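Visitor: So that we are looking at the same thing, I have put the structure below in structure tokens.
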Amino acid sequence: VLSDDIVALADQGTQFLVQPGYPRVNLWPDSVRRLFGSEDALPRITPTWEKRYLPLGQNGHHFAASPLPLEAIYILDSRDSSLTAPTIEEVSGREAFMALVANTYVNYLLDQEMRRREFDVLGRAVSEIPVRRVRPPAESSAIFNLCEAIAADAKRVMTRAPATAAAVLG
């Protein structure tokens with residue numbers, strides 16, 4: 001399972017579950033153009049914003065409607081013009097923790113106790129779940145190679161993962 005930019009996690013104590021989100025993937029117009037040939041290939045989220053969405057659960061675009069265990073976290077880095085193929089590397093310890101903290105959502109609303117709980121959960125997550133950094137090449141035609149590289153890496157990571165985990169990429 002590949003997630004959009006936001007993933008809601010449920011901490012089950014022995015595993016983290018990714019909760020189903022809204023059945024669509026939001027994309028910026030340049031991404032829609034690169035994937036579908038025209039930014040008008042997908043509908044706008046709202047008439048006043050250029051961002052588009054790909055509806056899931058129809059036309060062969062699958063949607064996971066029930067929670068699934070989190071097995072790996074992939075952090076998408078900026079495109080790199082010096083690359084001809086994507087690179088994927090392990091991120092661990094403090095760096096993985098800070099990457100997750102930097103990517104939490106609405107954390108400005110957290111009080112001191114909620115922040116403590118967030119740090120506890122994220123600390124456990126980086127100690128239990130592989131965190132990987134993906135650097136894609138700048139060439140937009142490499143998007144499908146990027147997807148294949150992440151899928152192949154996930155397959156390797158999931159093979160080495162503890163028996164308690166299943167298969168979600170976020």
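The values are calculated or read from the model by the stated rules, or taken from the named source; none is laboratory data. Values in this document were obtained by computation on a predicted structure and should not be read as measured data. Cβ: placed from backbone, ideal geometry, glycine included. Neighbour counts: every protein chain shown. These accessible areas exclude ligands, DNA and RNA; they are computed on the full protein's heavy atoms, side chains included. Shrake-Rupley method; radii C 1.70, N 1.55, O 1.52, S 1.80 Å.
Visitor: Residues that are over 24 Å from Leu27 (Cβ atoms) and not basic (Lys, Arg): which strands (runs of 3 or more DSSP E) entirely in the stretch 42-108 hold 2 or more of them?
Guide: Hits in the stretch 42-108: 87-91.
Visitor: I'd like the residue in the stretch 109-129 that is touching a strand residue (DSSP E or B) at 6+ places or on another chain (Cβ under 7 Å) and in a helix (DSSP H, G or I) and, out of all such residues, is most open to solvent (accessible area, probe 1.4 Å).
Guide: Looking only at the stretch 109-129, we keep the residues that are touching a strand residue (DSSP E or B) at 6+ places or on another chain (Cβ under 7 Å), and these are 121, 125, 129.
From what's left, in a helix (DSSP H, G or I): 121, 125.
On the way: Val121: 27, Ala125: 2 Å².
Selected residue: Val121.
Visitor: Can you tell me which residue in the stretch 3-26 is surrounded by the fewest Cβ atoms within 10 Å (Cβ to Cβ), limited to those that are out of contact with any helix residue (DSSP H, G or I) (no Cβ under 8 Å at 6 or more places or on another chain) and not in a loop (DSSP other than H, G, I, E, B)?
Guide: Across the stretch 3-26, the extreme among qualifying residues is Ala10.
Visitor: Let me ask you something else. Condition first: of a type in the set (Asp, Glu) and surrounded by fewer than 16 Cβ atoms within 10 Å (Cβ to Cβ). Now tell me which residues in the stretch 37-58 satisfy that. Break it down stepwise before answering.
Guide: Looking only at the stretch 37-58, we keep the residues that are of a type in the set (Asp, Glu), and these are 39-40, 50.
Answer for the stretch 37-58, where residues must be of a type in the set (Asp, Glu) and surrounded by fewer than 16 Cβ atoms within 10 Å (Cβ to Cβ): Asp40, Glu50.
Visitor: I've got another one for you. Within the stretch 85-104, work out how many residues are in contact (Cβ under 8 Å) with a residue 12 or more places away in the chain and either more than 24 Å from Leu146 (Cβ to Cβ) or among the acidic types (Asp, Glu) (or both). Explain how you work it out, then say what you get.
Guide: Narrowing the stretch 85-104 to residues in contact (Cβ under 8 Å) with a residue 12 or more places away in the chain: 85-93, 96-97, 99-101, 103-104.
Going one step further and asking which of them are either more than 24 Å from Leu146 (Cβ to Cβ) or among the acidic types (Asp, Glu) (or both), we end up with 89-90, 93, 97, 101, 104.
Within the stretch 85-104, residues that are in contact (Cβ under 8 Å) with a residue 12 or more places away in the chain and either more than 24 Å from Leu146 (Cβ to Cβ) or among the acidic types (Asp, Glu) (or both) number 6.
Visitor: Has the stretch 27-36 got any residue that is among the basic types (Lys, Arg), open to solvent by 40 Å² or more (accessible area, probe 1.4 Å) and in a strand (DSSP E or B)? Walk me through how you get there before you give the answer.
Guide: So in the stretch 27-36, the residues among the basic types (Lys, Arg) come out as 33-34.
The next check asks that each one be open to solvent by 40 Å² or more (accessible area, probe 1.4 Å); those that pass are 33-34.
In the following step, the residues that additionally are in a strand (DSSP E or B) were identified as none.
There is no residue in the stretch 27-36 that is among the basic types (Lys, Arg), open to solvent by 40 Å² or more (accessible area, probe 1.4 Å) and in a strand (DSSP E or B).
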